[in-house]
Amino acid sequence: EYSTFNKCRNCNLCFSIPMVSATDTMYSTMYSDISAYTEWKWEYQITYEAIKSIRELHRESTLLEIGAGNGSFTKRVAPEFIDKKNMLCTEFSEEGRKEIERYGVRCIADNVLDEQYSPDRKYSIICMFQVLEHIEDINKAFAQLNSLSMIGTNLFIGIPNDLGRAFYEGIGVIEDVPPIHLSRFSAESLRILARKYNWIVVDHRRQKQNHL
């Protein structure tokens, strides 16, 4: 199999051709050991603080975490901010799902960003940490996100640092390899994507990296 990684001159979005993602089975195999998951990440902390500051937040709010890993983030926000019964996680890894279910939060293997998935409720908070860059059809995914959200939903997205990835490639370290990572978003490409689907980018931050 052969693919190319391309860059848009208008918004600096990088993307693979073809855009074909890894299978659910591949991801499940890659993360069969929950020790492969990081317990706490920079984007978790940023999101945790943002959720804490949401004025209208209450325990009956609803939260969806897509690609929840072993539940590191989920365990911090439930039940501190949101009741466990009002949370849903998705995770392809069976071990990850078991860990989250043991904590008392429902976790499913379904791809909720697939147009075939029919949501049974809408969510006031949606979190996607290191998920967007794996998606092969971003248009369908955002159309589905709209069906999962309500007016005023807060969407938190964590993605690889585009400047960091460019730095590594400059010294010959290639990590954004399809079919795992299919895209690399810049701040401008995120704003264009948001406008297309009626979202507003309220905040955009890059994690500081000493080697840069």
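Pick out, in residue order, every one of the trypsin sites (Lys or Arg not before Pro) in segment 79-112 that is DSSP loop and has at most 14 other C-beta atoms within 10 Å; say none if there are none. Those that pass, being in a loop and sparsely packed, number zero. Nearest 10 degrees is fine. How inclined is helix 94-103 to the longest principal axis of the chain, computing both from alpha carbons? Between helix and principal axis, roughly 30 degrees. With every protein chain in place and a 1.4 angstrom probe, the accessible-area ranking of Arg191, Arg205, largest first, reads Arg205, Arg191.
The distance from the alpha carbon centre of segment 43-118 to that of segment 122-172 is 15 Å, rounded to a whole number. A cysteine counts as unpartnered when no other cysteine's C-beta lies under 4.7 Å of its own; in the chain this applies to Cys8, Cys11, Cys14, Cys127. For the chain, the fraction of alpha-carbon pairs lying more than 29 Å apart is 24 percent, rounded to a whole number.
The alpha carbons of segment 141-212 stretch over 44, 27, 16 Å along the principal axes, in descending order. What's the carbon and sulfur percent of the chain's accessible surface, probe 1.4 angstrom, rounded to a whole number? C and S fraction of accessible area: 51 percent. Rg to Rh for segment 15-109: what is it, with Cα atoms only and Rh by Kirkwood? That ratio is 1.02, to two decimals. Its residue count N fixes a reference of 2.2 N^0.38 Å for segment 83-189, and the Cα radius of gyration divided by that reference is 1.22. You can think of it this way: the chain between Asp137 and Val20 has 41.3 nm of extra reach, that is 0.36 nm per residue less the Cα-Cα gap. Using a Gaussian network model of the chain whose springs link C-alpha atoms within less than 10 Å, name the residue from Met19, Met30, Met128 with the highest mean-square fluctuation. The residue that fluctuates most here is Met30. In terms of overall dimensions, the C-alpha atoms belonging to segment 117-175 reach 47, 20, 13 Å along their principal axes, ordered largest to smallest. When the GluC sites (Glu not before Pro) in segment 22-116 are filtered for DSSP coil states and for at most 15 other beta-carbon atoms within 10 Å of their beta-carbon, the remaining sites are Glu39, Glu56, Glu60, Glu80, Glu115.
The values are calculated or read from the model by the stated rules, or taken from the named source; none is laboratory data. Just so we're clear, the structure is a prediction, and the values are computed from it rather than from any experiment. Every residue, glycine among them, receives a Cβ derived from its backbone with ideal geometry; neighbour counts consider all protein chains shown. With ligands, DNA and RNA removed, areas are computed over all heavy atoms of the protein, side chains included. Shrake-Rupley method; radii C 1.70, N 1.55, O 1.52, S 1.80 Å.
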